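> My questions will all concern the structure given below.
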Amino acid sequence: MTSPAVILSPLLLLFAPPLPAGVPDGRLLPEAAEGATPGEGAPGWLALEAVYRTPVQRQVRIEQRVIIRIGPRGAPGRQDMSSFAASPARDTRVIEREAGECLAVAAIGAVQPSRDNRLMFYMRDRRVYAARLERSCFARDFYSGFYVERNPDGKLCVDRDKLQSRNGAKCEVQKLHQLVAVRD
């Protein structure tokens with residue numbers, strides 16, 4: 001149901017009085033200025049448009065947000081790397097070394113959850129890192145990879161960045177370890 005004001009407003013604009021003398025920017029629009037002198041009101045809707053003209057806001061806001069997706073390892077690569085981490089050859093064993101606080105996100109090639117509730121990061125240079133997640137998170141939520149928001153330094157850091165799985169879980173990395181194969 002339409003309001004009577006909507007129906008009657010065009011009629012009111014046709015019979016609107018001229019602009020009062022104190023109207024800011026008393027100039028007329030070029031279309032209405034043909035027979036009018038400056039200071040005279042414009043007839044009809046042109047008068048109201050001049051009164052209720054909105055000020056121009058010359059402001060631009062640019063926001064940029066870059067999200068990086070790290071995908072899961074392909075089936076052949078996953079089998080090779082998981083065999084390295086789970087059961088190395090007879091004369092080698094895998095040890096864990098402290099990895100520091102941060103990893104370069106661009107160097108992470110793939111991710112895979114492990115059985116002990118950690119994420120295995122497979123780096124592009126064939127190194128392997130294990131990331132322990134915060135207590136309330138499950139590594140199996142990241143079976144299809146994760147998203148991370150890009151930081152100015154381009155790194156994924158402990159207790160700073162949140163990993164977001166494709167199913168919506170958000171978790172921080174609590175600790176990073178590098179897995180190294182050592183021959184006996």
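> Within the range 122-155, work out how many residues are without any contact (Cβ under 8 Å) to a residue 60 or more places away in the chain and in a loop (DSSP other than H, G, I, E, B).
Qualifying residue count, the range 122-155: 13.
> Every residue in the range 94-152 that is within 15 Å of residue 175 (Cβ to Cβ) and of a type in the set (Asp, Glu), please.
Of everything in the range 94-152, those that are within 15 Å of residue 175 (Cβ to Cβ) and of a type in the set (Asp, Glu) turn out to be 96, 98, 101, 116, 134.
> Can you pull out the residues in the range 141-159 that are charged (D, E, K, R) and surrounded by 13 or more Cβ atoms within 10 Å (Cβ to Cβ)?
141, 149, 150, 155
> Hey, another quick one. Residue by residue through the range 156-184, note down the ones that are part of a loop (DSSP other than H, G, I, E, B) and among the acidic types (Asp, Glu).
Those that are part of a loop (DSSP other than H, G, I, E, B) and among the acidic types (Asp, Glu): 159, 161, 184.
> Name the residues in the range 129-140 that are more than 16 Å from residue 99 (Cα to Cα) and surrounded by fewer than 18 Cβ atoms within 10 Å (Cβ to Cβ), would you?
Of everything in the range 129-140, those that are more than 16 Å from residue 99 (Cα to Cα) and surrounded by fewer than 18 Cβ atoms within 10 Å (Cβ to Cβ) turn out to be 134, 135, 136, 138, 140.
> Suppose the filter is at pLDDT below 85 and either touching a strand residue (DSSP E or B) at 6+ places or on another chain (Cβ under 6 Å) or loosely packed, with under 14 Cβ neighbours inside 10 Å (or both); does residue 53 pass it?
Yes.
> Shifting gears a bit: Just to confirm my filter: which strands (runs of 3 or more DSSP E) fall fully inside the range 65-121 and include at least 2 residues that are in contact with a His (Cβ under 9 Å, 6 or more places away or on another chain) and modelled with pLDDT of 80 or more?
Values: elements: 67-70, 92-98, 102-104, 108-113.
Here the list reads 92-98.
The values are calculated or read from the model by the stated rules, or taken from the named source; none is laboratory data. Because the structure is predicted, anything quoted here is derived from the model rather than measured. Glycine gets a Cβ as well: all are built from the backbone with ideal geometry, and neighbour counts include every protein chain shown.
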